[in-house]
Structures are given as C-alpha cells and as structure tokens.
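Peer 1: Starting off with a structure, shown below.
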Amino acid sequence: MVRRARGPRRRAWAGPLGLYHPGTSPLHRARPGAKLAGLMVLSVLVVALRGVPATLALTAVALGLVAVARVPLRATARGAAPVLVTAALVLGYQWWARGWQVGLEIALDLVTIVLAASVLTATTRADHMLDALARAARPLRHVGLPPETFALAVSLMLRAIPALLETFGEVRDAAWARGLDRDPRALLAPAAVRTVARARATGDALAARGIGED
C-alpha cells in the first residue's frame with residue numbers, strides 16, 4: 001500500500017535562543033550591554049533568593065519583560081513549550097522528593113531565566129549582542145583568549161542549537177515518509193551523520209578564513 005504524501009510535519013524552531021523580532025519597545029532600544037548585565041543580575045537573584053514569594057516575584061518580573069518587549073506570544077509560547085514540560089517534570093519530581101515549595105521554586109526559577117533570556121535574544125540583533133560580548137570579554141585577552149574568539153564561540157553555540165533541531169526534524173520527516181518513523185536507526189544514524197558533516201563544514205569554513213590558527 002502506498003502511503004499518501006503529506007506536507008512537512010515540523011515547524012520552524014522558535015526556541016528560547018531562536019529568533020530576533022524587530023520592534024520599537026523600550027527593550028529593543030536598550031543597549032545590548034545593559035540587557036546582558038540585567039540578565040546577569042536577574043540570574044544572580046534567582047540563585048540567591050529563596051522562598052516561594054521571592055520566586056513568584058522574579059517570575060512576574062520575567063513575564064513583565066515579555067509584555068514590555070511585545071514579542072509574538074504564539075511564537076514565544078511555542079518556543080517555551082519544551083522548557084515548560086521540563087519544568088513540570090522537575091516540579092513533580094522535586095515535589096515528591098523534597099516538598100512542593102522546593103519543587104515550585106526550582107521549576108519557576110528555570111522558567112524565569114529562560115523567559116528573560118528569550119526576551120534578550122528577541123529584542124537584540126545577533127551582531128549587536130556579539131559586539132557587546134566581545135567588549136565584555138576584553139579582560140580575557142590578558143590570559144591569551146582573544147575577545148573576538150570568545151564572541152565567535154558564543155555565536156556558533158547559539159546557531160548550533162536551532163541547526164541541530166532543524167537537522168533532526170528533516171531526518172524525522174524523511175523517515176516518516178518512508179514509513180520508518182518508529183525505527184530508531186532511521187532517526188539516530190542519519191542525524192548523527194548530518195551533524196558531523198555540519199560540524200566538519202563549519203570547521204573547514206573557519207580554517208579557510210584563518211580562524212583558530214596560531
């Protein structure tokens with residue numbers, strides 16, 4: 001029996017490290033360095049402050065940032081879905097192991113940091129963010145690490161996550177079209193091969209530009 005062809009089952013990835021959304025909100029106009037510093041301060045507060053009231057307050061701050069940034073709610077919700085599922089699993093386990101207060105704190109801390117990072121990437125152009133990271137990493141020059149290399153490493157990391165998910169989606173669609181979507185070998189092996197090929201191509205491109213050479 002011939003399987004009827006269908007359209008692609010996957011959607012474009014819009015995860016926390018996903019997409020810049022142009023806008024005119026105050027957060028869009030803020031300096032990237034200030035936003036990075038704000039994210040660092042919020043992360044420190046998330047780790048340092050304890051108690052459900054403080055956790056709820058910090059989560060409210062993150063939700064307020066989402067509202068101020070005026071990013072598309074549907075894309076944000078779709079991108080945050082895996083994080084929300086993870087937070088729910090963490091909440092359930094910690095509730096069982098250490099009590100509901102601890103579980104709620106840990107789950108909301110995770111959601112708070114991810115939402116704040118989402119706002120940062122949604123309101124900051126990638127090149128502006130990398131310039132800010134390069135400026136912040138200038139002290140690393142004294143220990144032999146060029147700031148530009150540090151910024152490039154961060155850029156590659158940010159680009160690798162959606163690229164890997166896109167590769168897996170393509171492999172999944174191809175396996176589904178052949179009726180092999182339940183065969184792990186039809187998913188894992190091609191995904192691994194494509195990932196290694198992408199990594200080699202990235203390395204060759206960097207080497208061709210003389211990046212990473214002494």
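The values are calculated or read from the model by the stated rules, or taken from the named source; none is laboratory data. Given the structure is predicted, the values throughout are model-derived calculations rather than measurements. Neighbour counts are summed over all protein chains in view; Cβ atoms, including those assigned to glycine, are modelled from backbone coordinates with ideal geometry. Side chains are part of the model used for accessible areas, which takes the heavy atoms of the whole protein and leaves out ligands, DNA and RNA. Shrake-Rupley method; radii C 1.70, N 1.55, O 1.52, S 1.80 Å.
Peer 1: Failed condition for ARG50, given (1) farther than 12 Å from THR123 by Cα; (2) in a loop (DSSP other than H, G, I, E, B); (3) under 18 Å from the mean Cα position of the chain (by Cα); (4) modelled with pLDDT of 80 or more, with all others met?
Peer 2: Answer for ARG50: the failing condition is (3).
Peer 1: State the number of residues belonging to the range 18-37 that are touching a residue at least 12 places away in the same chain (Cβ under 8 Å) and within 21 Å of THR76 (Cα to Cα).
Peer 2: 13
Peer 1: All but one of (1) farther than 27 Å from PRO72 by Cα; (2) exposed (fewer than 14 other Cβ atoms within 10 Å of the Cβ); (3) under 22 Å from the mean Cα position of the chain (by Cα); (4) at pLDDT 75 or above hold for HIS142, so report the exception by its number.
Peer 2: (3)
Peer 1: Considering only the range 1-42, how many residues are open to solvent by 80 Å² or more (accessible area, probe 1.4 Å), touching a helix residue (DSSP H, G or I) at 6+ places or on another chain (Cβ under 8 Å) and at pLDDT 50 or above?
Peer 2: 4
Peer 1: Tell me the residue from ALA87, ALA97, ALA75 that is farther than 25 Å from PRO26 by Cβ, among the hydrophobic types (A, V, I, L, M, F, W, C) and surrounded by 13 or more Cβ atoms within 10 Å (Cβ to Cβ), please.
Peer 2: Only one candidate passes the filter, namely ALA87.
Peer 1: Oh, and also: Does ALA122 meet the test of being at pLDDT 80 or above, under 19 Å from TYR20 (Cβ atoms) and of a type outside the set (Phe, Trp, Tyr)?
Peer 2: So ALA122 passes the test.
Peer 1: With the structure loaded, tell me whether GLY212 is at pLDDT below 75 and not acidic (Asp, Glu) or whether it fails that test.
Peer 2: yes
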